[in-house]
Amino acid sequence: MWRRLRSALGRLLGSPAAFPGGGGGRPPAGRGAMERAVVRCVPSEPKLSLRFVLPDGSARHMQRDQAEPLGRALARIATNAAKGHAKAAKKSKKARAEGGPAGEAAAAAAAAAPAVRLFSRDGEAVAEEVPNAAAWQDGAVLQIGEARYRVERNPPALTELQLPRSLLAGFPVCPKVSAEFAAPQHCLFRWYRERRPAAGGEEAAAAGDGGPAWVEAAAERVFTPSNALVGLRLKLRCTPGDGAQRYGAPREVESSGPVEAGPGACTFDSRHLYTKKVCGEGSLRAVSYNILADAYAQTEFSRTVLYPYCAPYALELDYRQNLLKKELAGYSADLICLQEVDKAVFADSLAPALDAFGLEGLFRIKEKQHEGLATFYRRDKFGLLSQHDVAFGEALRSDSLHRELCDKLAKYPLVQEKVLQRSSVLQVSVLQSTTDPSRKICVANTHLYWHPKGGNIRLIQIAVALSHIKHVACDLYPSIPIIFCGDFNSTPSSGTYSFINSGGIAEDHEDWVSNGEEERCSMPLSHPFKLLSACGEPAYTNYVGGFHGCLDYIFIDRNALEVEQVIPLPSHEEVTTHQALPSVSHPSDHIALICDLKWK
C-alpha cells in the first residue's frame, strides 16, 4: 500500500519544473499573500489535524497520525486535490465543446493533478520520511500546484465565546472565553452596540444608506453598558492571542436580548466606597459570602415560603448573577471565600468574570449536591502551593487523623449516622506570596450543617475541620497563619462559635443535647489555634423574613494577623428597603463580610 502511495505521489509531485521559478526544489517566490494551513498538534494526542481550503474552494479537515511519515499525508492531500480537479474537468466538458482550442486547453488544465510539496521555513523541501509531528512546523509552506499555504501550528484559537443572557445597564458584562494556545488576558476584545432604530437622526440616516448595523462601543475585556444603551443588543468580537504577538481567527457573538435597565441603588454601592483600590503590600482584603445557590432560590418553597417578599424575577439566576459579579468585582479583594456556589455558576459565570478582574478560582463541590465552595485569590499577590480539601463524613470514616474523634463518636450511633450522612465539605488552600516566597498562608472555607437543632452535628464537623487545618498549617507547613472563612450556621452564643473562639468546649455544653436527650453526644474538644472573628459579631449576616442573625465569620490567626479595617455592613434601612433579603437590590439572603488584614 505504501509503495503504491509513494508511486502515485511521485507522479503527482512531478519534477522541480512543476514549480515555475522554483528550481532546486524550493517554493516559488513572489506569489503574493498566502492562504492558511492550520495544524493542531498536541503531544498528548495520537493524531494531528490539518485544515486548509483547496484551490477549487473546498475546505479540507484531515486527521493524521503524528508518527506517520509526511509522504503519506502529502499523498492524501494530492488525492483530495485531484478529486477537486476531476470535478472541475467535468464542468469543463461544456467549455471544451463550445470553446474550440481554447476550451480544450482549459479542460486539460483543469484535469491535471497538482504537485504537492512541504517546505521548511528556510525553503528546503521536507523529506517524506519525516514524521508528521516534526514536519508540520510553524512557518512552513505547503504547496498544492500553484497555491501556497503558510503553515500555522497551534495558533491561538477560541473554543468558546459566550455572553450572559441578562444584561443590565451599569453592571459589568463579563464574557466567558475559553481558548486553546491562548489566554483571555492576551485576547483582543471589541464591543459593538446595535444601531438605534429610531426614526430620523444621524443613526437612522446611516442605516438607511446601508451603513453598518452595529456601532463600536468599547475595546476592553469587560464592558459596562450605560443607560443610553437600554433597549439595544450588544455584539462582541474577540481575537485570540497568546501574548507573543500571535493571533488566531476572530469570533463574534451577539447578545440574546437587549440591555435592560438596572435596579438603581444596591446594598453594596456604599461599601464599594471603601474598596476602590486593592490593598497595598503587606495587607490583604478577605471576603466571605454565602451567595445563595440557585438550587435553593428557584424552588416553589423558596418563592412562596422563604422569600415571598422578593420579586420573582429578582430570584432568577441571571438577574442575581449581574448583581453578584458587580458586587464582588467592586470589593477589589485578594481572597474571596464563597459558599452555596452552583457548579455551573462557578464554571460559566463567576470564574470567567473574576478572572477578568485578576482572581484565580478553585471549586469544591459538596458530596451528592450540585453546589459547593469556591475560593478565589488575586494571582499577582498569591500563587497556589497546594490544596487539601476534605468531606467531613469521608474524613471521619477513613482518615487516621480523626480516629480518636471517630472512636468517641461511635458511642453515639444516632449522632454518628447523621454526621456521616451530611454532605458538608472543607476547602483548604495553601497560598504563597508572589513577592515574598517565605510568606505563606492557609485559607480554609466551609459551610456547616444548617439545621437549627444541629448544634451537636456542627460541633463534630468543626472539630474535624480544625483537626485537618492543624495537620496542614502545623504539620505540612509548620507555623503558617490561617484564615478560616465560612457560613458556620452558628450564632455568637452557640457552642461552635465558643469552641472556635476559645479553643475548647466542655462535655456538658448545652449544644451537645441540641436535638434532645436521645441525641446527646458529650465529649470535651480542644484545638491549638488562637482565632479571632475579624469582623466581630454583627447583629446579623443573614436576614430573611422569619430569621435574622450572625452566622458567617472570617476567623484569623491572631498571632500572625491583625485587622486593619472592617468594611461596614449595609445599614438596617438598606437591608430592609424591600422587607428582607434577597431583593431586587441584593442577590443573596446573606451579607458579605469584608475586612482588610495586615501581617504582624
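Results for (1) modelled with pLDDT under 95; (2) part of a strand (DSSP E or B), shown as yes or no for each residue.
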site	(1), (2)
V305	yes, no
Y319	no, no
N322	no, no
V341	no, yes
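Among the residues of this structure, N445 counts as one that is over 22 Å from P524 (Cβ atoms) and crowded, with 17+ Cβ neighbours inside 10 Å. Identify all residues within region 302-314 that are open to solvent by 40 Å² or more (accessible area, probe 1.4 Å) and either under 20 Å from V345 (Cβ atoms) or not assigned by the TED database to the domain that holds L569 (or both); write none if there are none. Result: R303, L306, P312, Y313.
Test S256 against the stated conditions and say whether it is assigned to a loop (DSSP other than H, G, I, E, B) and either more than 19 Å from the chain's Cα centre (by Cα) or surrounded by 17 or more Cβ atoms within 10 Å (Cβ to Cβ) (or both). Yes, satisfied. Of the residues contained in region 548-569, one or more are found to be open to solvent by 10 Å² or more (accessible area, probe 1.4 Å) and either farther than 19 Å from A286 by Cα or free of Cβ contacts under 8 Å to residues at least 12 places away in the same chain (or both). Of all residues in region 19-62, those satisfying the criterion of being modelled with pLDDT of 95 or more, more than 28 Å from the chain's Cα centre (by Cα) and open to solvent by less than 30 Å² (accessible area, probe 1.4 Å) are A37, L50, F52, M62.
Filtered by the rule that a residue be under 20 Å from Y319 (Cα atoms) and crowded, with 16+ Cβ neighbours inside 10 Å, region 231-252 gives L232, R233, L234, K235.
Counting only residues that are touching a helix residue (DSSP H, G or I) at 6+ places or on another chain (Cβ under 8 Å) and farther than 14 Å from V464 by Cα, region 506-528 holds 12 of them. Any residue that is within 20 Å of the chain's Cα centre (by Cα) and either closer than 22 Å to P570 by Cβ or open to solvent by 30 Å² or more (accessible area, probe 1.4 Å) (or both) - is there at least one of those in region 266-275? So far as region 266-275 goes, no, none of its residues is within 20 Å of the chain's Cα centre (by Cα) and either closer than 22 Å to P570 by Cβ or open to solvent by 30 Å² or more (accessible area, probe 1.4 Å) (or both). Against the test of being at pLDDT below 95, of a type outside the set (V, I, T) and within 26 Å of the chain's Cα centre (by Cα), the options A314, A329, A286, A295 yield a single qualifying residue, A295. On the stretch given as region 491-544, residues that are more than 18 Å from A463 (Cα to Cα) and either at pLDDT 95 or above or open to solvent by 50 Å² or more (accessible area, probe 1.4 Å) (or both) total 13.
Residues in region 337-372 that are in contact with a Ser or Thr (Cβ under 7 Å, 6 or more places away or on another chain) and surrounded by 21 or more Cβ atoms within 10 Å (Cβ to Cβ): C337 only.
The residue of region 400-441 that is least open to solvent (accessible area, probe 1.4 Å), among those that are more than 23 Å from the chain's Cα centre (by Cα) and closer than 30 Å to K598 by Cα, is I441. A179 falls short on exactly one of the conditions (1) over 12 Å from L161 (Cβ atoms); (2) at pLDDT 95 or above, and that condition is (1).
The values are calculated or read from the model by the stated rules, or taken from the named source; none is laboratory data. Since this is a predicted model, take the numbers as computed values, not measurements. Every residue, glycine as well, gets a Cβ built from its backbone with ideal geometry; the counts of neighbours run over all protein chains shown. Side chains are part of the model used for accessible areas, which takes the heavy atoms of the whole protein and leaves out ligands, DNA and RNA. Shrake-Rupley method; radii C 1.70, N 1.55, O 1.52, S 1.80 Å.
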